[in-house]
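S.K.: Before anything else, here's the structure in question.
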Amino acid sequence: MPRPMKVKMFMDAKPSIVEEQINAWLENLSSATIIKSETVVTAITQKPTDGTLPCVVVTIWYEPPEPN
């Protein structure tokens, strides 16, 4: 039976923060099989009166390790 696939998303306006988030997640992950990753840069607003800010979104599809 196939293992369930999981999705993890990381998002921030600064690419270096996204990189730190991903590295911390990978360090805490015992093991996994990464199936696919996708990176998107988009514009967001924090308040209706503010202008837009760039936002980096990284989505990772993965399979967790099989239970023992």
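Throughout, read-outs are computed from the coordinates displayed, never taken from laboratory work. Everything numeric in this text was worked out from a predicted model, so none of it was measured. Every residue, glycine as well, gets a Cβ built from its backbone with ideal geometry; the counts of neighbours run over all protein chains shown.
S.K.: Here is a list of conditions, (1) surrounded by fewer than 13 Cβ atoms within 10 Å (Cβ to Cβ); (2) touching a strand residue (DSSP E or B) at 6+ places or on another chain (Cβ under 6 Å); (3) free of Cβ contacts under 8 Å to residues at least 12 places away in the same chain, and residue 21 meets all of them except one; can you say which number that is?
M.R.: Exception for residue 21: condition (1).
S.K.: Turning to a different aspect of this structure: Kindly indicate the residue of the range 29-68 that is of a type in the set (D, E, K, R) and loosely packed, with under 12 Cβ neighbours inside 10 Å and also farthest from the chain's Cα centre (by Cα) among those meeting that condition.
M.R.: To start, the set of residues in the range 29-68 that are of a type in the set (D, E, K, R) comprises 36, 38, 47, 50, 63, 66.
Pick out the ones that are also loosely packed, with under 12 Cβ neighbours inside 10 Å and you get 36, 38, 47, 50, 66.
Numbers: 36: 11, 38: 9, 47: 23, 50: 25, 66: 22 Å.
Looking at residues that are of a type in the set (D, E, K, R) and loosely packed, with under 12 Cβ neighbours inside 10 Å, I get 50.
S.K.: Anything in the range 2-20 that is of a type outside the set (Lys, Arg) and under 16 Å from residue 62 (Cα atoms)? List them, or say none.
M.R.: 2, 4, 5, 7, 9, 10 - these are the residues of the range 2-20 that are of a type outside the set (Lys, Arg) and under 16 Å from residue 62 (Cα atoms).
For (1) part of a strand (DSSP E or B); (2) among the hydrophobic types (A, V, I, L, M, F, W, C), each residue gets a yes or a no:
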site: 22; (1), (2): no, yes
site: 27; (1), (2): no, no
site: 30; (1), (2): no, no
site: 35; (1), (2): yes, yes
site: 41; (1), (2): yes, yes
site: 47; (1), (2): no, no
site: 51; (1), (2): no, no
site: 59; (1), (2): yes, no
site: 66; (1), (2): no, no
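S.K.: Next up: Do you know which of the residues in the range 1-18 that are in contact (Cβ under 8 Å) with a residue 40 or more places away in the chain and not in a strand (DSSP E or B) is surrounded by the fewest Cβ atoms within 10 Å (Cβ to Cβ)?
M.R.: Across the range 1-18, the extreme among qualifying residues is 4.
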